[in-house]
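First the structure, in the form of structure tokens, and then the observations on it.
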Amino acid sequence: SGYPTSVKRKDLIERWMDRMDNGHALVEMPGSKILHLGRGEANPVSIEVEFRQGNKKKFLTRVRGMEEYGIDAESLSTEVSNRFACSSTVETNPVGRAALKKGRAELVFQGHLSEELTALLTGDEKLSSHGGAKGSDYCLPKNVIKVTLRKGVPARKKR
């Protein structure tokens with residue numbers, strides 16, 4: 001028989017862990033109530049910055065995937081436009097872009113707000129110099145926020 005008669009505990013645990021899949025849990029705090037358990041990586045909240053049509057100095061920031069974390073699109077849109085003094089739109093079926101799942105929305109904000117939104121959603125006001133990011137109720141982990149700068153969009157200069 002090709003099986004070992006004895007195995008060290010360390011090797012057994014190592015082998016067992018190698019066979020495990022990655023997983024994620026969405027937990028509501030305080031109280032540690034598990035809202036969702038899933039396989040693989042957690043779905044990201046994507047923040048995408050692009051140039052507005054026809055002008056190289058004006059930007060649009062698009063956000064999708066926040067519903068996954070129990071964040072209502074309408075209320076986030078209102079809060080961001082109040083905090084950062086920008087116009088915002090909630091799109092449920094964006095034209096000429098990747099389709100959204102049912103019940104999902106894409107938020108479109110005026111301006112280059114990638115740092116501000118990251119600071120607001122993670123609850124870490126040190127990530128942005130903007131005062132509007134202070135006192136946020138959101139606390140998403142940093143690794144679920146994916147920021148994409150479209151072609152030619154400059155990264156913001158650190159102040």
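The values are calculated or read from the model by the stated rules, or taken from the named source; none is laboratory data. Please read these numbers as outputs of a predicted model, since none were measured by experiment. A quick note on method: Cβ atoms are made from the backbone with ideal geometry, for glycine too, and the neighbour counts reach across all protein chains shown.
Regarding segment 3-14, can at least one residue be identified that is surrounded by 12 or more Cβ atoms within 10 Å (Cβ to Cβ) and either among the small types (Gly, Ala, Ser) or in contact with a Lys or Arg (Cβ under 6 Å, 6 or more places away or on another chain) (or both)? Within segment 3-14, not a single residue is surrounded by 12 or more Cβ atoms within 10 Å (Cβ to Cβ) and either among the small types (Gly, Ala, Ser) or in contact with a Lys or Arg (Cβ under 6 Å, 6 or more places away or on another chain) (or both). Once segment 84-111 is narrowed to residues that are at pLDDT 85 or above and under 16 Å from the mean Cα position of the chain (by Cα), the residue that is farthest from ARG62 (Cα to Cα) is ARG104.
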